[in-house]
Number of protein chains: 2
Amino acid sequence: MSTLRVAVEPVPDEHLVGAVAETGGSVVPLDQARVLVWVGGPDGFPDLPDTVEWVALSTAGIEGFVDAGVLDDTRIWTNASGFYAAGVAEHALAMLLGGTRQIVRSAKTRWAKDLVDPAVRTLRGSTVAIIGAGGIGRELTPLLKACGATVLAVNRSGRPVDGADITMAADRTDEALAASDHIVLAAPDTPETRHMIDDRTLAMLKPHSWIVNVARGPLIDEAALYRALTSGVIGGAALDVTDPEPPAVDHPLFDLDNVVITPHVANPAGRLTAEMAPHLAENLRRFTAGEELLALVRAGQGY
Amino acid sequence: MSTLRVAVEPVPDEHLVGAVAETGGSVVPLDQARVLVWVGGPDGFPDLPDTVEWVALSTAGIEGFVDAGVLDDTRIWTNASGFYAAGVAEHALAMLLGGTRQIVRSAKTRWAKDLVDPAVRTLRGSTVAIIGAGGIGRELTPLLKACGATVLAVNRSGRPVDGADITMAADRTDEALAASDHIVLAAPDTPETRHMIDDRTLAMLKPHSWIVNVARGPLIDEAALYRALTSGVIGGAALDVTDPEPPAVDHPLFDLDNVVITPHVANPAGRLTAEMAPHLAENLRRFTAGEELLALVRAGQGY
């Protein structure tokens with residue numbers, strides 16, 4: 001069996017080079033490669049020699065590559081769809097616990113026991129809705145269950161999410177919000193989801209409810225959120241995304257003790273290749289074995 | 001079968017009254033009771049009528065009652081040892097994730113992506129040592145395992161902790177520290193554990209290591225901790241306890257972006273009776289059935 005020749009560009013990232021080595025391949029210059037692993041955006045994407053049969057992109061979104069016209073239909077293309085879900089789910093759990101256990105408020109105050117003690121809530125026995133339960137929801141569900149929470153998954157189709165106590169289709173979102181102690185937003189940004197969290201839906205939540213957003217900023221009407229946070233309508237908000245990004249440095253949400261904004265790091269750039277490496281290794285194994293690859297970019301999926 | 005008569009004093013807390021009702025008992029004044037559930041400290045503890053056979057205290061520590069001389073050896077006494085472990089374990093997980101996922105630093109800064117992104121770590125694939133793995137450690141272990149961490153449990157005897165990858169006796173603490181990415185302190189405050197975290201042991205940790213303390217403040221030499229936090233020896237500290245408590249409002253640890261201090265709320269006063277209720281119900285059932293009670297205070301245990 002010949003060794004699989006793989007180019008890792010534009011830089012020979014150690015984690016991805018490790019994945020190639022681990023699966024018995026060898027890292028070669030692009031003009032000798034059957035596979036290109038591309039760790040970057042569309043800028044600087046190379047002209048592909050005919051030898052390249054498969055291009056493995058490192059991002060989940062591929063809009064930029066589509067717009068730049070680099071995708072073709074003569075090769076196999078994969079993206080990183082789903083590869084970062086486990087990390088994002090861990091971030092969502094950290095945000096939720098950081099809120100409910102008052103880590104956030106404690107970080108912004110000094111031994112404010114009279115404020116903090118009565119506000120502490122436990123995930124054990126609480127109900128958490130995951131709005132937009134796809135890959136991230138599948139990873140988050142067992143974490144929440146391990147903490148003793150009841151999980152309500154909401155997704156477009158209503159197709160049951162493994163491990164969730166209940167899965168509801170998106171047309172029952174209001175019902176899920178009303179039944180939950182806390183909510184995690186993991187939905188895509190579409191015309192239907194834009195400002196889905198507004199004055200009306202915030203009023204369905206509870207005075208102790210925390211909202212976690214690891215999806216896209218436009219899902220939340222931030223002015224409505226600010227009103228709910230400052231009037232006791234909900235307990236707090238933990239946001240990894242804002243609208244727009246970055247937020248203004250004097251954004252009023254920064255001033256609130258019941259808000260934390262992490263700077264879009266649920267899938268941190270610094271960990272990207274470490275997270276991708278085991279998935280790339282699996283795909284290299286599949287490619288060599290002639291099996292279908294993970295995260296195939298299918299014709300019609302944006303191009 | 002006669003109804004078990006239970007006094008809930010000094011106030012008829014709803015959660016504990018509910019536990020009595022749930023197990024078929026009735027809440028009565030103290031002078032008619034076979035059982036006293038006492039939700040308070042030693043101050044104001046009543047003279048006990050001869051009818052009282054069992055006193056259920058609501059605190060894990062009983063030193064105050066021993067010092068006040070209220071315990072006797074003619075009745076059964078229970079405390080709340082172990083009843084709050086699950087909540088404290090959840091708090092420890094929240095503190096650890098709050099640190100490693102940079103929720104803490106994000107709460108203290110404003111979209112500091114250049115600082116936060118490279119500092120984010122994942123529990124998945126990391127190794128966490130639980131120092132003093134008793135009841136809290138037993139509850140924390142499955143949470144850490146669900147997050148994909150390797151768990152090193154350290155306790156006095158070295159008796160294996162269910163679910164931990166390795167359990168070590170306390171004389172191997174240095175080895176555990178050196179092998180870990182992060183540590184959670186859950187040990188009692190004894191002459192042996194006082195300042196166990198000092199310049200020497202901090203130097204065994206890693207630049208990304210977070211220390212979580214949900215046990216007792218004196219386990220940590222805070223001056224040494226401050227040095228380690230400000231010189232890059234470790235990544236951060238999440239403390240629910242300090243030495244002394246409360247800390248001075250101008251304590252230098254409050255000024256650090258890689259530190260959070262929660263005001264001794266891992267077992268919050270506001271949730272105490274809600275957490276105790278299911279354990280009280282179980283003990284009421286056992287008492288009626290003539291079985292051995294949970295959390296018995298044994299002669300020689302401090303008095």
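In the set A:142, A:160, A:118, only one residue is within 12 Å of another protein chain (Cβ to nearest Cβ) and farther than 24 Å from residue A:240 by Cα; that residue is A:118.
In the set B:151, B:184, only one residue is touching a residue at least 40 places away in the same chain (Cβ under 8 Å) and under 29 Å from residue B:117 (Cβ atoms); that residue is B:184.
Here is the figure for the range B:65-108: residues that are open to solvent by 20 Å² or more (accessible area, probe 1.4 Å), within 14 Å of the chain's Cα centre (by Cα) and within 14 Å of chain A (Cβ to nearest Cβ) total 1. Checking B:60, B:68, B:89 one by one, the residue that is at negative phi, out of contact with any His (no Cβ under 9 Å at 6 or more places or on another chain) and modelled with pLDDT of 95 or more is B:89 and no other. Checked against the criterion of being open to solvent by less than 10 Å² (accessible area, probe 1.4 Å), touching a Lys or Arg at 6+ places or on another chain (Cβ under 8 Å), in a strand (DSSP E or B) and within 14 Å of chain B (Cβ to nearest Cβ), the candidates A:151, A:128, A:212 yield just one match: A:151. The single condition among (1) modelled with pLDDT under 95; (2) closer than 30 Å to residue B:251 by Cβ that residue A:190 does not meet is (2). If only residues of the range B:174-192 that are of a type outside the set (Gly, Ala, Ser) and open to solvent by 20 Å² or more (accessible area, probe 1.4 Å) are counted, the one that is nearest to residue B:217 (Cα to Cα) is B:189. Looking across B:66, B:37, B:27, one residue alone is without any contact (Cβ under 8 Å) to a residue 60 or more places away in the chain and either acidic (Asp, Glu) or in the same structural domain as residue B:275 (by TED's automatic domain parsing) (or both). It is B:27.
Each row is one residue, and each column tells you yes or no for (1) over 19 Å from residue A:227 (Cα atoms); (2) in the same structural domain as residue A:99 (by TED's automatic domain parsing); (3) aliphatic (A, V, I, L, M).
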position: A:173; (1), (2), (3): yes, yes, no
position: A:179; (1), (2), (3): yes, yes, yes
position: A:191; (1), (2), (3): yes, yes, no
position: A:204; (1), (2), (3): no, yes, yes
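Among the residues making up the range B:109-125, those that are assigned to a helix (DSSP H, G or I) and open to solvent by 20 Å² or more (accessible area, probe 1.4 Å) are B:113, B:114, B:115, B:118, B:119. Screening the range B:234-270 for residues that are within 8 Å of another protein chain (Cβ to nearest Cβ) and of a type in the set (A, V, I, L, M, F, W, C) and picking the one that is farthest from residue B:201 (Cα to Cα) gives B:269.
Filtering the range A:50-64 to residues that are surrounded by 14 or more Cβ atoms within 10 Å (Cβ to Cβ) and farther than 17 Å from residue A:295 by Cβ leaves A:51, A:52. Looking across B:207, B:218, one residue alone is part of a loop (DSSP other than H, G, I, E, B) and either in contact (Cβ under 8 Å) with a residue 60 or more places away in the chain or farther than 16 Å from residue B:129 by Cβ (or both). It is B:207. Residues that are open to solvent by 10 Å² or more (accessible area, probe 1.4 Å) and outside any loop (DSSP other than H, G, I, E, B) within the range A:230-277 comprise A:230, A:252, A:254, A:255, A:269, A:270, A:271, A:272, A:273, A:274, A:275, A:277, listed in sequence order. For first residues located in the range B:241-270 and within 23 Å of residue B:59 (Cα to Cα) and touching a residue at least 24 places away in the same chain (Cβ under 8 Å), partners that are of a type outside the set (A, V, I, L, M, F, W, C) and in a strand (DSSP E or B) and lie 6+ apart or on another chain with Cβ distances below 9 Å form the pairs B:241/B:213; B:242/B:213. Looking at the range B:161-168, is at least one residue under 22 Å from residue B:255 (Cβ atoms) and either at pLDDT below 95 or not in a helix (DSSP H, G or I) (or both)? There is no residue in the range B:161-168 that is under 22 Å from residue B:255 (Cβ atoms) and either at pLDDT below 95 or not in a helix (DSSP H, G or I) (or both). Scanning the range B:25-39 for residues that are in a loop (DSSP other than H, G, I, E, B) and open to solvent by less than 50 Å² (accessible area, probe 1.4 Å), we see that the one that is nearest to residue B:13 (Cα to Cα) is B:39. Among the criteria (1) under 23 Å from residue A:102 (Cβ atoms); (2) open to solvent by 20 Å² or more (accessible area, probe 1.4 Å), the one residue B:145 does not fulfil is (1).
The values are calculated or read from the model by the stated rules, or taken from the named source; none is laboratory data. Note that the structure is predicted; figures quoted are calculated from it, not measured. Note that we place each Cβ from the backbone using ideal geometry, even for glycine, and neighbour counts take in every protein chain shown. The protein model used for the area step is the full one, side chains on, heavy atoms only, and it has no ligands, DNA or RNA in it. Shrake-Rupley method; radii C 1.70, N 1.55, O 1.52, S 1.80 Å.
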